[in-house]
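Below: one structure, written as structure tokens.
The values are calculated or read from the model by the stated rules, or taken from the named source; none is laboratory data. Keep in mind that what you see is a predicted model, and the values were worked out from it rather than measured. Backbone-built Cβ (ideal geometry, glycine too); neighbour counts: all protein chains shown. We work out accessible area using only protein heavy atoms, side chains counted, and drop any ligands, DNA or RNA first. Shrake-Rupley method; radii C 1.70, N 1.55, O 1.52, S 1.80 Å.
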Amino acid sequence: MEKSTITLTRKIQLVIDVPSEDKSQMWGKLYRYQNRCFRAANLIVSHLYVQEMIKDFFYLTEDIKYKLADTSKDEMGIFDRSKTNTTARLVFDRFKGEIPTDILGCLNNTIQSTFSKNKADYWQGSKSLMNFKKDIPIPLPVKCISKMKYDSEKKAFSFNMFAIPVKTYLGRDFSDKHLVLERLLREEIKLCNSQVQLKDGKIFWLAVFEFEKEDHRLKPEIIAEASLSLEHPIVVKANNVRMNIGSKEEFLYRRLAIQASNKRIRAGVAYSRSGNGTKRKQKALHKTEDLENRFVSHHLHLYSRKLIDFCIRQQAGTLILKDQEDKIGIAKEQEFVLRNWSYYELQTKIKYKAEKAGIELIIG
């Protein structure tokens, strides 16, 4: 049976809401949690790999039992507890008192789940084993969030996270983050286990929400056919109605202009006045940092939104993306197309928007 809900992630910036003299202590606490998560994650995945490889240790005698199960439940088992609890107990004992066990439990469950999904690919050599870096996001279980409310004086949503008072910073919010948080307070949607990311001296909450799928009373027998091309990002047709979404001039030429501008700035950095060393010389470069990525992400969101809105207007319950495999293959052969036309990213954004609207997506 098809699920009636969908989970979506929103990236929300947080600010520690305590007096200035206490902020360094709170930051130290978060960085300690991040370090313990980094160490624990690599320990967990290493032990999971060794457990699965035991059967390939051909030099073990035939008397050795190697079934990955609890001995109390299976005679052939080699564990004194459940498989999931082996790595959980490992990190609980190693980092007891340094980090809440709720965080470690959430981290263990996530890694166990991902490892199980990719296990076959690891053995075939088509995927490498997970390797976690020091900037790993910190798991944020729902039970570690409390006292969420909207503070009208601060014009922000505030709550306690790991017993640290924080408030949201939405800036000029052109997305639906404010509306989503309001719906969360009204208990119209559900908050799931999330993550906290520390990056460039900022805190980002990767909040996961569970939404009910939108009911637009679509008709599965009405089919919309869409194709992605260089001339127009998306061309869609349904009910004898055709629509071109975006254009080459709007997307491709603007993207090339940003690349050319960035190239000129890089060439001119060597001739800039230093003043404060590299920071002063690269001032213009920092202003355009990630400008191209932000431009592309915004436009692909816009194009995919217009596509789904078109399907809803036409009551199309089925959306077919035609000849995608052929076009991705052509893009891989042509370096210019691969570099400047984000087929896969656009396809990903269409996929989750279609799922949210209750539209069946078929990629041909």
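Could we say that Leu252 is of a type outside the set (D, E, K, R), out of contact with any helix residue (DSSP H, G or I) (no Cβ under 9 Å at 6 or more places or on another chain), in contact (Cβ under 8 Å) with a residue 60 or more places away in the chain and open to solvent by less than 40 Å² (accessible area, probe 1.4 Å) here?
On the way: of a type outside the set (D, E, K, R): yes; out of contact with any helix residue (DSSP H, G or I) (no Cβ under 9 Å at 6 or more places or on another chain): no; in contact (Cβ under 8 Å) with a residue 60 or more places away in the chain: yes; open to solvent by less than 40 Å² (accessible area, probe 1.4 Å): yes.
Against the criterion (of a type outside the set (D, E, K, R), out of contact with any helix residue (DSSP H, G or I) (no Cβ under 9 Å at 6 or more places or on another chain), in contact (Cβ under 8 Å) with a residue 60 or more places away in the chain and open to solvent by less than 40 Å² (accessible area, probe 1.4 Å)), Leu252 does not qualify.
Could you tell me whether Tyr352 is in contact with a Pro (Cβ under 7 Å, 6 or more places away or on another chain) and at pLDDT 75 or above? Break it down into steps so the answer makes sense when it comes.
Values: in contact with a Pro (Cβ under 7 Å, 6 or more places away or on another chain): no; at pLDDT 75 or above: yes.
Criteria not met by Tyr352.
Grab the strands (runs of 3 or more DSSP E) fully contained in segment 111-206, keeping just those with 2 or more residues being open to solvent by less than 60 Å² (accessible area, probe 1.4 Å) and either more than 18 Å from Ile16 (Cα to Cα) or among the hydroxyl-bearing types (Ser, Thr, Tyr) (or both). Please lay out each step first, then the result.
Working: elements: 138-140, 145-151, 156-161, 164-169, 194-199.
Qualifying strands (runs of 3 or more DSSP E): none found.
Every condition in (1) in contact with a strand residue (DSSP E or B) (Cβ under 7 Å, 6 or more places away or on another chain); (2) open to solvent by 60 Å² or more (accessible area, probe 1.4 Å); (3) not polar (S, T, N, Q) is met by Ala267 except one, and the failing one is (1). So, Ile312, is that one at pLDDT 85 or above, under 28 Å from the mean Cα position of the chain (by Cα) and in a strand (DSSP E or B) or not? Spelling it out, it is not the case that Ile312 is at pLDDT 85 or above, under 28 Å from the mean Cα position of the chain (by Cα) and in a strand (DSSP E or B). In this structure, is Glu62 loosely packed, with under 14 Cβ neighbours inside 10 Å, closer than 14 Å to Arg36 by Cβ and either among the acidic types (Asp, Glu) or modelled with pLDDT under 60 (or both)? Spelling it out, it is not the case that Glu62 is loosely packed, with under 14 Cβ neighbours inside 10 Å, closer than 14 Å to Arg36 by Cβ and either among the acidic types (Asp, Glu) or modelled with pLDDT under 60 (or both). Note on segment 97-110: residues that are open to solvent by less than 50 Å² (accessible area, probe 1.4 Å) and either part of a helix (DSSP H, G or I) or within 21 Å of Tyr49 (Cβ to Cβ) (or both) total 6. The residue list Gln124, Gln112 contains one member that is out of contact with any helix residue (DSSP H, G or I) (no Cβ under 7 Å at 6 or more places or on another chain), more than 24 Å from Gly201 (Cα to Cα) and among the polar types (S, T, N, Q), which is Gln124.
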